[in-house]
1. Could you please let me know if residue 33 is assigned by TED's automatic domain parsing to the domain that holds residue 170, surrounded by fewer than 18 Cβ atoms within 10 Å (Cβ to Cβ) and more than 25 Å from residue 139 (Cβ to Cβ)?
2. Working carefully through the options 102, 73, 120, find the one that is closer than 20 Å to residue 23 by Cβ, assigned to a loop (DSSP other than H, G, I, E, B) and of a type outside the set (Phe, Trp, Tyr).
3. Whether any residue in the range 348-365 is closer than 25 Å to residue 273 by Cβ, touching a helix residue (DSSP H, G or I) at 6+ places or on another chain (Cβ under 6 Å), touching a residue at least 40 places away in the same chain (Cβ under 8 Å) and surrounded by 14 or more Cβ atoms within 10 Å (Cβ to Cβ) is what I want to check.
4. Is there a residue being under 21 Å from the mean Cα position of the chain (by Cα), under 21 Å from residue 99 (Cα atoms) and either modelled with pLDDT under 95 or not aliphatic (A, V, I, L, M) (or both) anywhere in the range 38-53?
5. Can you find, within the range 234-258, the residue that is modelled with the lowest pLDDT among those that are of a type in the set (Gly, Ala, Ser) and buried (at least 21 other Cβ atoms within 10 Å of the Cβ)?
6. Determine whether residue 71 is more than 25 Å from the chain's Cα centre (by Cα), more than 12 Å from residue 142 (Cβ to Cβ) and hydrophobic (A, V, I, L, M, F, W, C).
7. Would it be correct to say that residue 109 is surrounded by 15 or more Cβ atoms within 10 Å (Cβ to Cβ), over 25 Å from residue 263 (Cβ atoms) and either in the same structural domain as residue 269 (by TED's automatic domain parsing) or more than 16 Å from the chain's Cα centre (by Cα) (or both)?
8. Filter the range 121-144 for residues that are buried (at least 17 other Cβ atoms within 10 Å of the Cβ) and in contact (Cβ under 8 Å) with a residue 60 or more places away in the chain; which is nearest to the chain's Cα centre (by Cα)?
Amino acid sequence: MRIAQLSHLADPALCPRLVIKVGSALLVGKDGQPRRAWLTALVAEIAAARAAGQQVIVVSSGAIALGARKLGLAKGGRGSLADAQASASVGQIALAGLWAELLAGHGITAAQILLTLEDLEDRRRYLNVTATLGRLLAAGAVPVINENDSVATQEIRFGDNDRLAARVGQAAAAQGVLLLSDIDGLYDRDPRQAGAVRIPVVQGVTAEIHAMATGGSSSGLGSGGMTSKLQAAEIAEMAGMALAIIDGQPGSPIATAFNATRGTLFLPRRRHTARKAWLGGRLRMRGTVSVDAGAAAALARGSSLLAAGVIAISGDFARGDAVAVIGPDGQTLARGLAEYDAAEAARLLGHPSSAHEAILGYAPRSALIHRDQMVLL
């Protein structure tokens, strides 16, 4: 039996490992103070889940909002990158202390992990995160994770904790990701419009599903919106995880949503190998490789990407870097690790494999991107 409905995320037999993401607007009030009563109720739910045999990982926003108040910075600490970094430096201490205190009230040890985008994009560092999470969970701790906003720049950051939660779930081999939001799921249009209908279950994030999303966060405190949640759902479904969006505003929000079956559940489509799931969930590509219709059809059949079917190269990538494969219609077909750097790939563009040695002056590799180092989207 697999996860098929919202309440299954609370079943340790179906979801032995769950990631819970908490946004800034839920954790911090408009006065910049933590919402202790609300958080106390949520921690009680986490403790109950653990007592039932479920391992829990928390991805928690709130450091910038908490720090901005202590430093007296305007715009919730998001007026500039320097303000955000300074606020995060101060607020992360308070945030970690808050989680540690409330979890300790249930006899649970909290562990803090701060991550940047590169920690999960680089394969070796990703495996280190995986190992650390596994050891903490085995030891009975609850990892509390946030983006390391004190050092992350615009170019090397997730920018929202929705996608971070999905990537953490992937690294931890979790079965489910639960996004506590200020809305109770995905609607077929802006939920402020009359007649908007909530979508209870989504089987695959399609272009039509993306069209339903609105981009911004309504609270002004967070950095995510429905678009980032759909991107998180895409990462989750590629890793074989279920992901749900529920309204986090009520007291005891998880039980409230599950008992009423109110939220949106994104079902997993397939579970790739760990390496391909990591590759498919990457957020930064170093370049693009555009292919013709023949190459696109060959990829769909499970073939490697040969240079003969490539019509354009862009980006300054090296061998082993992640690149996106773009089809004739401009859509991304796959992601993979390049077997050649950009300059070599450009020289091979459109040429059959039999001509590669003469062009490069050395024995060529079997493909521009090998199928074992590529994931179809």
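The values are calculated or read from the model by the stated rules, or taken from the named source; none is laboratory data. In this text the structure is predicted, and so the values were computed from the model without any measurement. Note that each Cβ is placed from the backbone with ideal geometry, even for glycine, and that neighbours are counted across all protein chains shown.
1. On the way: assigned by TED's automatic domain parsing to the domain that holds residue 170: yes; surrounded by fewer than 18 Cβ atoms within 10 Å (Cβ to Cβ): yes; more than 25 Å from residue 139 (Cβ to Cβ): yes.
In short, yes.
2. Details: 102 fails: assigned to a loop (DSSP other than H, G, I, E, B); 120 fails: assigned to a loop (DSSP other than H, G, I, E, B).
Only one candidate qualifies: 73.
3. Here is the first cut: in the range 348-365, the ones closer than 25 Å to residue 273 by Cβ are 365.
So of that shortlist, the ones also touching a helix residue (DSSP H, G or I) at 6+ places or on another chain (Cβ under 6 Å) come out as none.
No, the conditions are met nowhere in the range 348-365.
4. no
5. Of all residues in the range 234-258, those of a type in the set (Gly, Ala, Ser) come to 236, 239-240, 242, 244, 248, 251-252, 255, 257.
Next, from what is left, pick out any that are buried (at least 21 other Cβ atoms within 10 Å of the Cβ): 236, 239, 242, 244, 248, 257.
On the way: 236: 92, 239: 88, 242: 96, 244: 97, 248: 96, 257: 96.
Restricting to residues being of a type in the set (Gly, Ala, Ser) and buried (at least 21 other Cβ atoms within 10 Å of the Cβ), the top hit is 239.
6. Working: more than 25 Å from the chain's Cα centre (by Cα): yes; more than 12 Å from residue 142 (Cβ to Cβ): yes; hydrophobic (A, V, I, L, M, F, W, C): yes.
So residue 71 passes the test.
7. Details: surrounded by 15 or more Cβ atoms within 10 Å (Cβ to Cβ): no; over 25 Å from residue 263 (Cβ atoms): yes; either in the same structural domain as residue 269 (by TED's automatic domain parsing) or more than 16 Å from the chain's Cα centre (by Cα) (or both): yes.
So residue 109 does not fit the description; no.
8. Here is the first cut: in the range 121-144, the residues buried (at least 17 other Cβ atoms within 10 Å of the Cβ) are 121, 126, 129-130, 133, 136-137, 141-144.
Then keep just the ones that are in contact (Cβ under 8 Å) with a residue 60 or more places away in the chain; that gives 121, 126, 133, 137, 142-144.
Working: 121: 11, 126: 13, 133: 16, 137: 20, 142: 19, 143: 16, 144: 15 Å.
Going through the qualifying residues, I end up with 121.
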